1. Tell me which residues, restricted to the range 7-29, are assigned to a helix (DSSP H, G or I), in contact (Cβ under 8 Å) with a residue 40 or more places away in the chain and among the aromatic types (Phe, Trp, Tyr).
2. Does the range 65-75 contain any residue that is of a type in the set (D, E, K, R), in a strand (DSSP E or B), surrounded by 14 or more Cβ atoms within 10 Å (Cβ to Cβ) and touching a residue at least 24 places away in the same chain (Cβ under 8 Å)?
3. Taking the residues in the range 87-111 that are in a strand (DSSP E or B) and of a type in the set (Phe, Trp, Tyr) as candidates, determine which candidate is surrounded by the most Cβ atoms within 10 Å (Cβ to Cβ).
4. Looking at (1) part of a helix (DSSP H, G or I); (2) touching a strand residue (DSSP E or B) at 6+ places or on another chain (Cβ under 8 Å), which is the only condition Tyr42 fails?
5. Being within 11 Å of Lys101 (Cα to Cα) and of a type in the set (A, V, I, L, M, F, W, C) is the filter; apply it to the range 28-46 and report the residue that is modelled with the lowest pLDDT.
6. Using the structure shown, decide if Phe50 is in contact (Cβ under 8 Å) with a residue 12 or more places away in the chain, assigned to a strand (DSSP E or B) and of a type in the set (Phe, Trp, Tyr).
Amino acid sequence: MKRKTKIISISIACIIAVAAIFVYVRYFYVFGEGIKAGNLNYLVYKGYVFKTYEGILIQEGFKSQIQGTIQNNEFRFSVADPSLADELMKLSGSNVQLYYKEYFAPLPWRGTSCYV
């Protein structure tokens, strides 16, 4: 009986450890960092439960996901700092450089984009 409870407790501990590692890597590990430059199209404060700042930066050039079509090169991002978002709102329509961090998945209170 003791051996069975020991195996169950070790199994539960392993499952919790794997789940914790998965959550950390998926939502909190910074996968990449960089700078993008372009024309700040807009920055809005939106959301149903978690209000976040979401924006689009229009970069030079075009991209095409489907052959034979042309689409402008948009970079969608979220801003976590309200004071930074206020400064960016004042620069709407201007050329800016954005320093960002890339995560594997967004968190509702951090924004809808993986780029923060």
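1. Here is the first cut: in the range 7-29, the ones assigned to a helix (DSSP H, G or I) are 7-27.
Cutting the leftovers down to in contact (Cβ under 8 Å) with a residue 40 or more places away in the chain gives us 25-27.
Across the range 7-29, the qualifying residue is only Tyr27.
2. Going residue by residue through the range 65-75, those that are of a type in the set (D, E, K, R) are 74.
From the residues that got through so far, the ones that are in a strand (DSSP E or B) too are 74.
Filter once more, so that each one left must be surrounded by 14 or more Cβ atoms within 10 Å (Cβ to Cβ): none.
No, the conditions are met nowhere in the range 65-75.
3. Filtering the range 87-111 down to residues in a strand (DSSP E or B) leaves 95-103.
Filter again for of a type in the set (Phe, Trp, Tyr), leaving 99-100, 103.
Numbers: Tyr99: 8, Tyr100: 19, Tyr103: 22.
Of everything passing the filter in the range 87-111, Tyr103 is surrounded by the most Cβ atoms within 10 Å (Cβ to Cβ).
4. Status for Tyr42: all satisfied but (1).
5. Per the stated criteria, the residue is Phe31.
6. Details: in contact (Cβ under 8 Å) with a residue 12 or more places away in the chain: yes; assigned to a strand (DSSP E or B): no; of a type in the set (Phe, Trp, Tyr): yes.
So Phe50 fails the test.
The values are calculated or read from the model by the stated rules, or taken from the named source; none is laboratory data. In this text, all values refer to a predicted model and were calculated from it rather than measured experimentally. Cβ sites come from the backbone with ideal geometry, for glycine too, and all protein chains shown count toward neighbours.
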